[in-house]
């Protein structure tokens, strides 16, 4: 990871004694504060928090100490670092004086074994949210009747036009206009010595389909010789911060709120001062969307591309809603499914020339089979769940289907649950309560998904919402037919005979009926896969996301901003 600070040899040795994850988090924090305080000497106090907390690397508590020293914690390490950042236009005068007046930063780290389940176990939220969560946890399948009604309301709202954010309506528009010429002339003076870079604004650094694609774009940027600058804006233990794709990247894991309202843009000013930023790639990152009006005003030649995967039921579409709001400042909207393309163009009136449909076809695991994979056992059907163990994926429905089938035909089915998430403990408890410990096998993410595909005969997608899942493409490529709830863009690849009702109770009944049939009718299992294979082949004729981004990034690498 590039660094913008220098340490004494002894301090570096103590930092090197950290685990790889803790060291990467510490370096991320020191890089952030060094970028905002050019030339400053800062004393960093590192504290070990509890598993129920998230790392606090850049927010106001790093200055005040309210979550660390004021809470009675004692630092386990103190190091002094000198910023080697060269500074930028926005880091002179008052901002420099303000930054250097606080020469201590309190950095809260978390144990390597901490999980999201630890943090969410104590999350309270508002009373309605707590009631909703209790119902969801204790009676998820019955409560899905309520969720289904809410989904219908949300779908109606998503069809309404979303207002755009324009320059003259932005609260900082006057400041942006007055600083544009000065900022651009300042940057051009340093063009000769600044290395080309691309900002990859990700949600967080932990397992997920969108996150896998974000990591792939980091690799593609590195391939061009440009520096990947990875910025995350969501609380997480950042389990992927040690992935090999990030070795040459500058990683900035933001914890919000940042140390002052102005520093959000100060960070971008500093990054533009250090690098010749050619493009910004957004992968589900609200903070970066919010920076776009100011970034585009000051640096209009920077290419901005956002990557959209799923229409959410909340917030009028989720991140696609933000894509529409900030459309005046975005050059290209990359979508992975026809559903998203049609929603942007037809429902929201986005210029069709700005919307690129490029599927994530280059990220599937294993070789592509030409025929359906034979069943592992003649008289038994192996059904797999592959994905994050979260509420969206509805693991409780998979367990319910497992229980129904095991009760109806003991020993005729085998079930694999591959993945981890914040519902891990609850899923284990439910499997035990249902007496399925010898029937449902849990597999964590340390086991390659390809191993599960080798053993599975059918993939079952029980999610209450999806975009177009990578697991579906992986399963079909591995010769495995997929049954899926009728959600998101799954019908792009799954024909009618493989689609199941969306509501949990109906989904469980329908899946049970279809799986009983596939157990005894191998020809129909093969026919389902052949239909899906045909759709996947047709979809694969499109330019893939890898191909599109590789071409775009090569072009950006050959042209300075």
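Data overview
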| read-out | value |
| --- | --- |
| Identified option (computed Rg and Dmax of the Cα atoms in Å; candidates [x] 23.6, 72; [y] 27.9, 114; [z] 24.9, 76) | [z] |
| Share, in percent, of DSSP beta bridges within the chain that are antiparallel, nearest 5 | 20 percent |
| Theoretical ellipticity at 222 nm over the chain - DSSP helices of four or more residues, -39500 (n - 2.57) apiece, nearest 500 | -12500 deg cm²/dmol |
| Relative contact order, percent, the chain [alpha-carbon distance under 8 Å, six or more residues apart] | 14 percent |
| Difference of contour (0.36 nm per residue) and Cα-Cα distance, residue 11 to residue 127 | 37.1 nm |
| Near-label residues of the stretch 309-325 by backbone N, under 14 Å of a point 7 Å along Cα→Cβ of residue 166 | none |
| Zone of residue 51's modelled label, taken as backbone nitrogen in the stretch 227-241 under 16 Å from a point 7 Å along Cα→Cβ | 237-239 |
| At R0 = 35 Å, FRET efficiency that the Cβ-Cβ distance of residue 538 and residue 301 yields, to 0.05 | 0.40 |
| Simple label model, 7 Å out from Cα along Cβ direction - residue 444 to residue 486, nm | 3.9 nm |
| Cα centroid of the stretch 51-88 to Cα centroid of the stretch 125-164, whole Å | 37 Å |
| Between the stretch 363-404 and the stretch 454-469, the Cα center-to-center distance that results, in Å | 6 Å |
| Packing-based ranking, highest mean first, of 195-202, 516-523 given that Cβ atoms within 10 Å are counted | 195-202, 516-523 |
| Spin-label pair residue 248/residue 314, simplified geometry with 7 Å Cα→Cβ offset, distance in nm | 3.8 nm |
| Taking the stretch 381-540 and dividing mean pair separation by its residue count, relative contact order in percent (alpha carbons under 8 Å, at least six apart) | 24 percent |
| Sorted peptide list for 31-38, 228-235, 405-412, 377-384, criterion being average Cβ within 10 angstrom, highest first | 31-38, 228-235, 377-384, 405-412 |
| Overall form of the stretch 1-68 per C-alpha gyration tensor (a/c, 1.5; a/b vs b/c) | oblate |
| Segments 274-286, 240-252, 533-545 sorted - mean Cβ within 10 Å per residue, highest first | 274-286, 240-252, 533-545 |
| Efficiency of FRET from Cβ geometry, residue 104 and residue 66, R₀ 22 Å, rounded to 0.05 | 0.95 |
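Each value in this text was obtained by applying a stated rule to the coordinates, not by laboratory testing. Model, not experiment: these values are computed from the prediction. When we count neighbours, we look across all protein chains shown, and the Cβ atoms used for this are built from the backbone with ideal geometry, even at glycine.
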